[in-house]
Structure formats: C-alpha cells, structure tokens
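Data first, discussion second: the structure below is written as structure tokens.
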Amino acid sequence: MPTQFTKQFTQQEPIPEEGIAAALAVMRHGRLHRYNLLDGELGETALLEQDFAKMTGAKFCVAVASGGYAISIALRALNVGYGDTVLTNAFTLAPVPGAITAVGAVPEFVGVTPSLVIDLDDLKAKINKSRVLLLSHMRGHICDMDKLANICRDANVKIIEDCAHSMGATWDNTPSGCHGKIGCYSCQTYKHINSGEGGLLITDDCDIAAHVVMLTGSYMLYGRHLASPPLDIFDKFKFVTPNLSGRMDNLRAAILRPQLRSLSTKIVRWNELYHRVEAGLRGIVGLNVIERSKKEHFVGSSIQFLLLDWSSKKIENVVRRCADRGVEIKWFGSVEPIGYTSKYYDWQYTSTTRMPSSDRVLHGLLDMRLPLTFNLDDCDLIAQIIRAEVTAAYSEN
Ligand SMILES: *Cc1c(COP(=O)(O)O)cnc(C)c1O
C-alpha cells in the first residue's frame with residue numbers, strides 16, 4: 001500500500017486564545033455593532049482599522065463585511081457604474097467579476113502568463129478600454145508592479161488592488177495594496193487572517209476614504225472612526241451617498257486584531273512550507289514550478305504548478321491518483337468548475353473572447369492550499385506523492 005497523506009487541506013489553525021478572550025469580552029458587554037460605544041470607548045472595529053493602516057502604512061482604512069464587498073465599494077468610490085468597463089485578470093476568483101457586475105459594470109479580462117501574473121502585453125493592448133484596472137494578485141502572484149504602474153500611469157488608468165491572497169506581501173518593499181488608489185483584502189477563513197467573513201480597504205486619498213465610509217453605512221456616526229479623514233471631508237459625501245450597509249462588527253474585529261499582530265510570523269511559517277513543497281517538486285519531468293521575481297516577497301499560503309500541454313485525461317489521472325493518496329489538488333482546467341476553480345469563460349453573465357495563451361496556462365494549472373496545520377514532514381510527503389503520481393502519469397499513453 002503506497003503511503004497516504006491524511007491531513008485536511010482546508011483545516012486552518014484555531015483562533016489565538018487572545019482573540020477568543022477578546023471576542024468573549026465583546027459578547028459579554030454585548031456591544032457588537034461597531035458604532036455601539038460607551039463614552040470614550042474606541043471599539044474593536046475602529047482599532048482594527050487603525051492597526052491595519054499602521055501595518056500597511058496607509059493613511060486610511062475601513063473594515064467591511066467581505067473582500068468582495070470591499071472591491072465593489074472601491075469601484076463605486078472611483079465612480080465606476082452602469083455600463084462602464086473595468087479591466088481585470090482573467091485568472092482570478094469569481095467574487096472579482098461578481099463585484100464588477102454588482103456595480104453594473106462590465107469586466108474586460110486581461111490574460112494570464114505562465115508565471116500566473118497578469119499579461120502586461122495584453123494589458124497594454126486593452127488599456128484604453130477603461131479608466132480603472134482591478135488588479136487581482138490571484139493566489140498571491142504579484143506581477144512587475146513597476147511596469148504595470150507605468151502602463152497605467154501613461155493611460156491615466158487608476159488601480160484597485162485585490163489583495164485577498166497577498167495580505168502581508170510586498171513588491172520591492174512596498175506592501176501589496178499600496179501600489180494603486182485602493183487596496184482590498186479579505187478576512188475570510190481561507191485567507192491570511194480568519195474571521196469567517198470580513199474585509200478591509202485601504203487608501204491614502206481622503207475623498208475616497210470618506211466616500212467609502214459613507215457607502216459602508218456609517219449613517220452620521222463617521223466621527224467614531226480612527227483611521228478616517230478629517231470630519232469636514234465628509235461634508236462632500238454625507239447627503240449624496242447611498243448607505244450600502246456592509247460594515248464589520250466588533251466581534252470579528254476582536255478576533256482579527258491578535259491575528260494581525262502575528263501575521264509576520266505566520267508568513268515566515270507559510271513560506272517555509274511553500275519552499276519545502278517547491279523544492280520537492282523541482283525536477284519532475286513534465287511539471288513546471290512557478291518561478292517568482294526577487295522583488296516579490298509573497299505569502300506562500302498556497303502553491304501552484306503547471307502540467308503544460310498535458311491531455312485532460314492525463315491531468316485527471318494525476319488529480320485522481322493524488323486524491324486517492326490524500327493529496328487534494330485543484331485543477332483549473334477541468335471542463336466543469338469544481339469548488340472555486342472557475343475560469344473567465346465560465347462566468348457566462350460576462351461576454352468575453354477566448355485567449356488561447358491564457359487557456360493553455362489555465363488548462364495545465366494545478367493548485368494546492370498550504371494551511372499552517374501542515375509541517376515540513378507533511379510537505380515532504382505531499383511532494384513525494386505528487387512526484388510519484390506525475391511521473392507515473394507522464395509515462396502512460
Ligand atoms: C476570496 C477572494 C475574494 C473575495 O473575498 P471574500 O471575502 O470571500 O468576499 C476576492 N478575490 C480573490 C482573489 C479571492 O481569493
């Protein structure tokens with residue numbers, strides 16, 4: 001009987017005891033709504049915003065109900081609306097085109113390279129179709145941000161960054177989320193900090209920040225924020241902004257604050273796991289690991305590899321055999337999306353032209369989560385199983 005892997009790829013670490021204690025305190029006093037504060041009380045949500053602004057170096061931060069909500073609010077704050085076109089990655093997660101559609105806009109997908117980043121040549125070709133790029137650092141892969149920023153600057157295109165998988169990452173020492181006008185993050189269970197659901201938005205622009213605070217549903221209580229612009233900025237927005245109710249609450253914020261404090265040590269651990277699996281996958285015939293730029297300090301919370309130009313049948317074999325041995329690999333090339341693996345042309349509420357070079361990458365793309373409940377021995381075993389099954393499938397007809 002071949003060796004089996006028995007841990008769960010979806011099992012996160014528990015909430016730190018400090019977070020549980022803080023959550024209990026919120027539940028005991030009962031003031032879960034972010035604006036439900038005693039005189040002089042600051043509130044966990046406002047404090048979380050302050051903590052995150054400090055961590056990223058952003059001037060302003062707003063905590064919201066989800067990452068997808070943060071993105072749609074970011075689009076609205078840049079006055080994207082009905083009928084507008086928004087450039088975005090062909091390789092991303094379904095909430096991204098969903099957020100664009102939520103504001104009545106239409107996504108224009110930009111291709112993906114074999115390094116799993118946005119295709120900058122394709123971006124250049126399409127840049128005049130929109131005044132906003134929603135750049136998704138899908139699976140934490142960060143493109144050459146200097147080149148991208150130049151392309152967008154020349155065309156006067158504003159950037160919103162979707163950092164659902166790049167919270168804590170940097171490009172050339174600038175935190176992911178600080179390269180454009182707005183950075184959006186998710187605190188959903190499978191991302192880098194876990195409150196079940198939740199999102200964060202950062203910006204240095206005081207008009208955008210005030211607009212966003214009003215949009216999230218602050219009523220006239222925006223003065224209770226701590227990472228927010230001066231009160232007079234709100235005069236421009238307070239009577240002309242619809243309340244799109246999507247705030248974060250103090251319970252989630254209480255759980256998140258201790259997790260933010262330990263994020264940098266978690267990133268070290270994630271990257272140890274990532275590099276261990278990657279080392280074990282190097283040199284397998286027919287398998288390409290994803291090479292990354294030296295300027296990219298990523299968070300290895302998941303790992304991808306390519307079986308480029310393999311037949312569907314062979315890739316299916318690899319996925320099935322690995323699954324039989326307990327290694328859960330997701331394949332973006334399957335005809336029907338499974339779990340989260342939908343592709344740009346599966347989002348049939350959008351219209352798009354197929355991109356053969358992106359399709360080639362997506363067809364061969366395999367993906368695995370690396371939860372922190374794994375250790376280095378687990379990584380060795382996972383890589384060993386993949387090596388055996390890829391090698392066996394490769395030599396079959
Ligand atoms: C998870 C995710 C989102 C949306 O986050 P939610 O908090 O689940 O709404 C957006 N983009 C990417 C790339 C994601 O993985």
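The values are calculated or read from the model by the stated rules, or taken from the named source; none is laboratory data. Bear in mind the structure is a predicted one, so any value in this text is a computation, not a measurement. So basically every Cβ, Gly included, is an ideal-geometry build from the backbone, and we count neighbours across all protein chains shown. We work out accessible area using only protein heavy atoms, side chains counted, and drop any ligands, DNA or RNA first. Shrake-Rupley method; radii C 1.70, N 1.55, O 1.52, S 1.80 Å.
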- (1) touching a Gly at 6+ places or on another chain (Cβ under 7 Å); (2) within 16 Å of the ligand (Cβ to nearest atom); (3) within 27 Å of Gly300 (Cα to Cα) all hold for Ile267 apart from (2)
- Message: If I filter the stretch 159-178 for residues that are touching a residue at least 12 places away in the same chain (Cβ under 8 Å), more than 16 Å from the ligand (Cβ to nearest atom) and β-branched (Val, Ile, Thr), do I get at least one hit?
- Response: yes
- Query: Ser334 passes all but one of (1) open to solvent by 40 Å² or more (accessible area, probe 1.4 Å); (2) over 17 Å from Arg139 (Cα atoms); which number fails?
  - Reply: (1)
- Query: From the set of residues in the stretch 194-211 that are away from the ligand (no atom under 16 Å from the Cβ) and not acidic (Asp, Glu), which is most open to solvent (accessible area, probe 1.4 Å)?
  - Reply: Cys206
- Query: Is at least one residue of the stretch 306-329 of a type in the set (Val, Ile, Thr), touching a Gly at 6+ places or on another chain (Cβ under 7 Å) and open to solvent by 10 Å² or more (accessible area, probe 1.4 Å)?
  - Reply: no
- Query: Across the stretch 62-80, which residue is surrounded by the fewest Cβ atoms within 10 Å (Cβ to Cβ) among those that are over 18 Å from the mean Cα position of the chain (by Cα) and assigned to a helix (DSSP H, G or I)?
  - Reply: Arg76
- Task: Taking the residues in the stretch 126-143 that are away from the ligand (no atom under 12 Å from the Cβ) and assigned to a loop (DSSP other than H, G, I, E, B) as candidates, determine which candidate is nearest to the chain's Cα centre (by Cα).
- Result: Ile142
- Restricted to the stretch 81-101 and to residues being part of a helix (DSSP H, G or I) and more than 11 Å from the ligand (Cβ to nearest atom), the residue farthest from the chain's Cα centre (by Cα) is Thr101
- Item | Selection from the stretch 55-80 of residues that are small (Gly, Ala, Ser) and within 16 Å of the ligand (Cβ to nearest atom) | Ala63, Ala65, Ser66, Gly67, Gly68, Ala70, Ser72, Ala74
